[in-house]
Amino acid sequence: MSIRVMLVDDQVLLRTGFRMVLAAQPDMEVVAEAGDGAEALEVLAGTEVDVVLMDVRMPRLDGVEATRRICAQEDPPKVLILTTFDLDEYAFSALKVGASGFMLKDVPPAELLGAIRAVHSGDAVVAPSTTRRLLDRFTPMLPSTTKEPAGTELGRLTEREREVMLLVAQGLSNGEIAARLVLSEATVKTHVGRILTKLGLRDRVQVVVLAYESGLVRAGGGTPQR
């Protein structure tokens, strides 16, 4: 089945360009478009969508608030943020409220398509090195949204799960984590799934955010000294 994509951007020309790129893919279909977050919510109420490509700076309702409302719904589509600026605080805020990743608008088409497929599969953080740079910059500036002390949350994890969480937060893929820990990729995927369940997280991006907020990973990509 095709990945059903929705384009949300107030610039019609950009939506047209993205639609042309996606239409050429046998496994993707643009099923809806919107010019701002408010319209996106209205359209989503009557349209089945797998992945939303979401701009952040739009009139009426911006992409951050739209993402928060979308991700609060039951069985929501994945949201991939598209931003004009690297290290954009709006993109950081969108990650915290549930976006599955973000890309720059001038990303090469092949990378955008790969990002959509990755977000749809739920197996990978989109552009992990860029996501980490974003977190390094903005985590110290914004308040935590965790509902309880991070130590209590992380105490639910086994030692192996903490190891896997740390490597996820450092941007490693399941295959890279498997090689590092001498495990099968299927085993790593199982560990990641248990981490998400125990911590009540939506996807790997939120694992990264929590790892930074809890101090498991520090700004600059390091780990705290024991």
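Please specify each residue of the range 194-209 satisfying the condition of being in contact (Cβ under 8 Å) with a residue 24 or more places away in the chain and either assigned to a helix (DSSP H, G or I) or buried (at least 19 other Cβ atoms within 10 Å of the Cβ) (or both).
In the first step, residues of the range 194-209 are kept if they are in contact (Cβ under 8 Å) with a residue 24 or more places away in the chain; the result is 194-195, 198-199, 202-209.
Correct list: Arg194, Ile195, Lys198, Leu199, Asp203, Arg204, Val205, Gln206, Val207, Val208, Val209.
Table: residues versus (1) in contact with a His (Cβ under 6 Å, 6 or more places away or on another chain); (2) modelled with pLDDT of 85 or more; (3) surrounded by fewer than 21 Cβ atoms within 10 Å (Cβ to Cβ).
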| site | (1), (2), (3) |
| --- | --- |
| Ala72 | no, yes, yes |
| Asp75 | no, yes, yes |
| Leu80 | no, yes, no |
| Gly101 | no, no, no |
| Leu104 | no, no, yes |
| Ala110 | no, yes, yes |
| Leu113 | no, yes, yes |
Criterion (within 23 Å of Arg68 (Cα to Cα), of a type in the set (Asp, Glu) and either at pLDDT below 90 or surrounded by fewer than 16 Cβ atoms within 10 Å (Cβ to Cβ) (or both)) met by exactly one of Glu213, Glu159: Glu213
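Could you check the range 154-193 and list, in sequence order, the residues that are of a type in the set (S, T, N, Q) and assigned to a loop (DSSP other than H, G, I, E, B)? Walk me through how you get there before you give the answer.
So the first thing to find is which residues in the range 154-193 are of a type in the set (S, T, N, Q), and the list is 158, 170, 173-174, 184, 187, 190.
Passing the criteria: Thr158, Gln170, Ser173, Ser184.
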Among the strands (runs of 3 or more DSSP E) confined wholly to the range 1-66, which include 2 or more residues that are at pLDDT 95 or above and open to solvent by 40 Å² or more (accessible area, probe 1.4 Å)? 28-34
Cβ-Cβ under 6 Å pairs, at least 6 apart or on other chains, the range 155-166 side farther than 15 Å from Thr190 by Cβ, far side open to solvent by 60 Å² or more (accessible area, probe 1.4 Å): Arg156/Lys198
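Matching residues to (1) in contact with a strand residue (DSSP E or B) (Cβ under 7 Å, 6 or more places away or on another chain); (2) among the hydroxyl-bearing types (Ser, Thr, Tyr):
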residue	(1), (2)
Val64	no, no
Arg68	no, no
Ile81	yes, no
Ser93	no, yes
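The values are calculated or read from the model by the stated rules, or taken from the named source; none is laboratory data. Here the structure is a predicted model, which is why all the values come from computation and not from measurement. Ideal geometry is used to build each Cβ from the backbone, glycine not excepted, and the neighbour counts take in all protein chains shown. Ligands, DNA and RNA are stripped out before the accessible areas are found, and what is left, the full protein with its side chains, is counted by its heavy atoms. Shrake-Rupley method; radii C 1.70, N 1.55, O 1.52, S 1.80 Å.
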